[in-house]
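The values are calculated or read from the model by the stated rules, or taken from the named source; none is laboratory data. No experiment lies behind these values; they were computed from the predicted model shown. Every residue, glycine among them, receives a Cβ derived from its backbone with ideal geometry; neighbour counts consider all protein chains shown.
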Amino acid sequence: MKLDRIQIDPERMNGQPCIRDLRLTVRRVLELVALYPDRNELKQEYPELEDEDIRQSLLYAASSIDDRVIELHPYAVAA
């Protein structure tokens, strides 16, 4: 998986993963995708943000979530 647009620098944005040389964190991009369901409106507000930036932000977030199965047991019913 190629994530060449995601940068982590302890000297920038408190070490949070950012998009290229922009002052936009991956977290902020994910928020923006949720807030602007219309990509054209998102691009009007943030013209520096490219489709590949958004794609890689989503990939980065997905890869950082632990994908494990947790078995849920029903509550014991008191008799």
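Odds and ends about this structure:
- Subset of the range 33-79 (residues that are within 14 Å of the chain's Cα centre (by Cα), modelled with pLDDT of 95 or more and among the polar types (S, T, N, Q)): Gln56, Ser57
- Just so you know, in the range 8-27 the residues that are of a type in the set (Lys, Arg) and either part of a loop (DSSP other than H, G, I, E, B) or touching a Cys at 6+ places or on another chain (Cβ under 6 Å) (or both) include one that is surrounded by the most Cβ atoms within 10 Å (Cβ to Cβ), and it is Arg20.
- Scope the range 28-79; condition charged (D, E, K, R), surrounded by fewer than 15 Cβ atoms within 10 Å (Cβ to Cβ) and either touching a His at 6+ places or on another chain (Cβ under 6 Å) or in a helix (DSSP H, G or I) (or both); matching residues: Glu31, Arg39, Glu41, Glu45, Asp51, Glu52, Arg55
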